[in-house]
Amino acid sequence: MKNISVFDMLKIGVGPSSSHTLGPWRAAQEFVQELKDHHIFDSTQTVEIDLYGSLSLTGIGHATDKAILLGLSGTDPVTIPVEYIDDIISFIKDENQINLNEEKLIPFEWSQIHFNKDFLPYHSNGMMLTAILEDGDKYESTFYSIGGGFITKEETDETIDLSDNKDFPFPTNSGEQLLAHCTKLGVNISDLVLKNELTVRKEEEIDHDLKKIWNVMLESVYLGCHTDGFLPGGLNVRRRASDVYRKLKDDKYSYTNKEEWITAIRKTKMHYREVFKWVSTYAIAVNEVNAALGRVVTAPTNGSAGVIPAVLLFYITVENHKADFAEIKKFLLTAGVVGSIFKRNATISAAMGGCQAEIGVSSAMAAAALCEMRGGTSEQCLNAAEIAMEHHLGLTCDPINGLVQIPCIERNSMGAIKAINAAELALDQDHAKVPLDRVVETMWATAKDMNSKYKETSEGGLAVSVKIVDC
């Protein structure tokens with residue numbers, strides 16, 4: 001695997017799932033490009049879609065079918081106005097047509113999406129897209145969504161969408177390697193990561209892209225705190241972030257947008273018993289937006305998108321009211337590289353590793369970043385990541401009705417709070433008994449041992465023990 005950039009780990013996309021929504025969306029875009037590269041786009045008469053394994057078992061609840069059709073339609077998850085999604089899907093259903101890459105109307109019926117419960121051998125999240133050509137020939141292409149919006153093809157064993165293809169001068173393939181570079185150069189983690197990123201893009205570009213990421217994070221919290229109603233999908237889950245936020249907010253501070261809102265939040269006096277309520281509200285707000293097919297930052301997945309913004313907001317609204325973009329930048333750089341270590345050496349896919357691979361990794365990323373913000377050494381930051389993951393080991397993925405709602409939304413709250421606690425514990429010790437790399441190995445071993453029904457299939461755990469009518 002090539003070097004993994006911070007911008008690979010922190011992507012802007014549409015919910016509810018990075019592996020089941022964003023990845024398939026990207027695969028569909030890649031499929032369209034393959035049709036063009038093979039000079040068969042113009043002769044394509046229709047397409048067939050086959051979903052396998054976890055993509056089939058929980059695909060409807062995760063909007064996998066819709067995501068692929070949106071990708072085939074030529075839209076991009078980073079830029080599409082989310083309010084257009086329903087219109088595009090309704091057109092396909094009502095007209096039995098799809099506007100392939102916004103260039104060519106072809107017939108398409110929803111029955112051409114096939115949900116195959118069997119698993120392909122390479123990965124739990126498999127999909128095959130087939131173009132039916134004018135002469136009756138077929139062009140087939142198989143993709144795998146391997147978590148965090150990454151996609152791959154079995155024959156290459158390389159991710160298709162890594163943002164850089166240049167060797168970093170200071171490889172960070174493991175915690176040990178990362179720490180060795182930091183020690184040798186006498187820099188903290190975020191400074192080392194910046195040195196690597198500067199070999200790929202200019203600093204103004206890095207700042208621009210990180211500001212975009214932070215803006216989407218902040219927007220998702222703001223939206224979630226100001227949106228009432230019920231989440232889509234049939235569980236009738238009521239949005240809670242707005243209710244809790246109204247109880248917590250200080251009415252003497254007014255605002256009209258998210259920038260004024262964050263200023264008001266910084267001024268709000270918080271009783272110590274309310275601090276974790278604020279953190280939980282931030283996390284839940286993001287994942288309610290995610291569950292409603294809103295735009296969030298995959299960090300490192302959509303299902304865990306609320307942890308990092310919640311902990312970062314905790315830092316700037318509770319611990320350091322003077323923090324500005326310089327601190328936000330350091331936080332995101334440190335979080336990103338810790339996530340890349342898990343991505344490279346284990347998994348960030350719940351379909352491969354359960355929820356420990358999503359909430360556990362996001363909690364580890366946030367813990368390390370917060371530890372650096374609090375003045376922790378590089379070793380203490382990695383210790384914080386280890387502590388956070390250590391207490392997520394074995395966490396299963398068992399979404400009720402295949403939706404990223406129960407227990408997923410609340411788990412973001414728990415992951416954020418554990419990250420804060422892990423950072424605090426790490427600051428009180430210079431050396432850890434268990435290094436980060438060992439817990440990464442353990443997480444991957446646990447993932448391989450875990451029964452498949454607890455890996456985003458909705459065939460075990462809460463998904464079967466709780467009846468839909470109970471919700």
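When its C-alpha radius of gyration is set against 2.2 N^0.38 Å (N residues), segment 53-195 gives a value of 1.40.
Estimate the FRET efficiency between LEU194 and VAL78 by the formula 1/(1 + (r/R0)^6), using the beta-carbon distance for r and 25 Å for R0, to the nearest 0.05. FRET efficiency, LEU194 to VAL78: 0.60. Along its first, second and third principal axes, ordered by size, segment 3-56 spans 38, 27, 19 Å in Cα coordinates.
Please give the helix 85-95 orientation as an angle from the longest Cα principal axis of the chain, in degrees from 0 to 90, rounded to the nearest 10. Here the helix axis deviates by roughly 10 degrees.
The angle between the Cα long axis of helix 275-291 and the main principal axis of the chain comes to about 10°, on a 0 to 90 degree scale. For segment 237-276 versus segment 28-45, the spacing of their alpha-carbon centroids is 48 Å.
Taking N as the residue count of segment 180-245, its C-alpha radius of gyration divided by 2.2 N^0.38 Å amounts to 1.80. Here LEU425, LEU198, LEU218 are placed in order of increasing Cβ neighbour count within 10 Å, fewest first, which gives LEU198, LEU425, LEU218.
Taking 7 Å steps out from each Cα toward its Cβ at ASP94 and ASN257 produces label points 3.4 nm apart.
Adding -39500 (n - 2.57) for every DSSP H run of four residues or longer, then dividing by how many residues the chain holds, sets the calculated 222 nm ellipticity at -14500 deg cm²/dmol. At full extension, SER111 and GLU154 could sit 12.8 nm farther apart than now, given 0.36 nm per residue minus the alpha carbon distance. Residue exposure proxy: SER190, SER19, SER349, ordered by other Cβ atoms within 10 angstrom of their Cβ from fewest to most, comes out as SER190, SER349, SER19. A straight Cα-to-Cα reach below 18 Å connects LYS202 with the aspartates and glutamates ASP8, ASP164, ASP167, ASP191, residues fewer than 8 places away in its own chain not being considered. For the chain, the longest principal axis of the alpha carbon atoms and the long axis of helix 325-345 meet at an angle near 60°. When the alpha-carbon atoms of segment 336-440 are used, the pair Rg, Dmax equals 13.3, 44 angstrom. For the pair ALA445 and ALA264, label points projected 7 Å from Cα toward Cβ lie 5.2 nm apart.
Take the Cβ atoms of ARG438 and HIS38, set R0 to 41 Å, and the FRET efficiency comes out at 0.35. For LYS138 and HIS226, the difference between the fully extended length at 0.36 nm per residue and the C-alpha to C-alpha distance is 26.8 nm.
Taking chymotrypsin sites (Phe, Trp or Tyr not before Pro) across segment 246-283, the ones in a DSSP loop with at most 16 further Cβ atoms lying within 10 angstrom of their Cβ are TYR253, TYR255. For segment 1-103, the alpha carbon positions stretch 39, 32, 30 Å along the principal axes, listed from largest to smallest.
What is the distance in Å between the Cα centroid of segment 193-236 and that of segment 303-352? If you average the Cα positions of each part, the centres end up 11 Å apart.
Across all directions, the shadow cast by the convex hull of the chain built on its C-alpha atoms averages 22.0 square nanometres.
Using only side-chain charges placed at the Cβ, +1 for Lys and Arg and -1 for Asp and Glu, the dipole size of the chain relative to its Cα centre rounds to 1940 debye.
Using 19 Å as the cut-off for backbone N distance, which residues of segment 239-254 belong to the label zone defined by a point 7 Å from the Cα of HIS321 along Cα→Cβ? Within reach of a label on HIS321: 248-254.
Each listed q (0.14, 0.19, 0.20 Å⁻¹) maps to a log10 I(q)/I(0) for segment 88-138, found by the Debye formula over equal Cα scatterers with no solvent: -0.51, -0.83, -0.88.
Can you compute the modelled spin-label distance between LEU462 and SER174, with each label point 7 Å from Cα toward Cβ, in nm? Once both label points are built, they end up 3.6 nm from each other. Exposure proxy shown here: for THR199, THR347, THR334, THR396, the number of other Cβ atoms within 10 Å sets the order, fewest to most, as THR199, THR396, THR347, THR334. Between segment 61-124 and segment 370-437, the C-alpha centres lie 35 angstrom from each other. Using the alpha carbons alone, the radius of gyration of segment 244-339 stands to its Kirkwood radius in an Rg to Rh ratio of 0.96. Rg/Rh for segment 52-115 stands at 0.96; both radii use Cα atoms, and Rh follows the Kirkwood definition.
Values in this text are rule-based calculations from the coordinates and carry no lab data. Note that the structure is a prediction, hence the values are computed from the model and not measured. Neighbour counts run over all protein chains shown; Cβ positions are idealised from the backbone, glycine included.
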